[in-house]
Amino acid sequence: MASSTERKLEQSARLELSLPTKSQEPKTETELTDWIMQQLTILELVFNENLTPEMKRIYAHDLADLEDSLAKAFDRARCELKFFPKIAELRELAGVSAAVREEHDDVEARAAYQLVIHSLERNGVDAGIKHLPERVQYAVRQCGGLWQFNERLQIRYGGDGDPSFIDNRSPIFLQKDFIAAYKAFTVHKAMLPELTGRAWSHSLRRCARSLKWDRASITLSVASVGSKSHLPSRSTRRLRISRCQFLSH
């Protein structure tokens, strides 16, 4: 049975180690992603590493904005590094610092936040979020959905008893939550195949069975509340045991 190293050698035989010329550079998003995955496979061979498909997709997404300088980054990584590079290292080799990337992400997230506000002003809550980009939809859902987003967007004013009171903290925290969710979308999308796999589904079913048992114990415990004894009943002790077993899964 062929080892992982032998399989990589077979893959590398079909890859182009030479840097792409201007006429060979990827044109579409799919071509760029495929090219980055090929370069990562070459780096795996050079540094004797193994990346999961999900991790490769994260690399491809976080490096896609460096299309013009990626060839230089992969070339320098093969020649200058001693260990498999992190995403931040490849960006630095391409001439982009982590601070610049963070600033870029922050500006993009704030623009997406304003996009949701403009959509609410123009279309209202009933229009939903399906017309928004997928990444923006994810961030809105993480903030509680569009209706909750709109509610948190409101500034609270005092009533007749305190007319000078103004509470503008809710929109501030809403923007903070939205930006964090928007930035986390990359990891979420890369891990989605793994989270929806058979192993994850099995874990969810096991937790659901434990939760159903826990609820049954809670029902028994509530039924024993009317007892005259102040000592823990058997159903209460069983509730504690079931909670421990549920948390241990």
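The values are calculated or read from the model by the stated rules, or taken from the named source; none is laboratory data. From a predicted model like this one, the values you see are computed outputs, not experimental measurements. Note that each Cβ is placed from the backbone with ideal geometry, even for glycine, and that neighbours are counted across all protein chains shown.
For region 30-61: of the residues being outside any helix (DSSP H, G or I) and over 17 Å from GLU89 (Cα atoms), which is farthest from the chain's Cα centre (by Cα)?
Of region 30-61, the ones outside any helix (DSSP H, G or I) are 48-52.
Still in the running and over 17 Å from GLU89 (Cα atoms): 48, 50, 52.
Values: ASN48: 27, ASN50: 22, THR52: 16 Å.
Per the stated criteria, the residue is ASN48.
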* Asked: What are the pairs, 6+ residues apart or on separate chains, where a residue within region 26-39 that is in the same structural domain as TYR59 (by TED's automatic domain parsing) has its Cβ under 8 Å from a residue that is aromatic (Phe, Trp, Tyr) and at pLDDT 90 or above?
  -> PRO26/TRP35; ILE36/TYR59; GLN39/PHE74
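Each row is one residue, and each column tells you yes or no for (1) crowded, with 18+ Cβ neighbours inside 10 Å; (2) assigned by TED's automatic domain parsing to the domain that holds PHE185; (3) in contact with a Ser or Thr (Cβ under 7 Å, 6 or more places away or on another chain); (4) within 18 Å of ALA64 (Cα to Cα).
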| residue | (1), (2), (3), (4) |
| --- | --- |
| ARG78 | no, no, no, no |
| LEU81 | no, no, no, no |
| LEU90 | yes, no, no, yes |
| ASP105 | no, yes, no, yes |
| GLN114 | no, yes, no, no |
| HIS118 | no, yes, no, no |
| GLU121 | no, yes, no, no |
| HIS131 | no, yes, no, no |
* Positions within region 52-80 being touching a residue at least 24 places away in the same chain (Cβ under 8 Å) and among the hydrophobic types (A, V, I, L, M, F, W, C), in sequence order -> MET55, ILE58, ALA60, LEU63, ALA64, LEU66, LEU70, ALA71, PHE74, ALA77
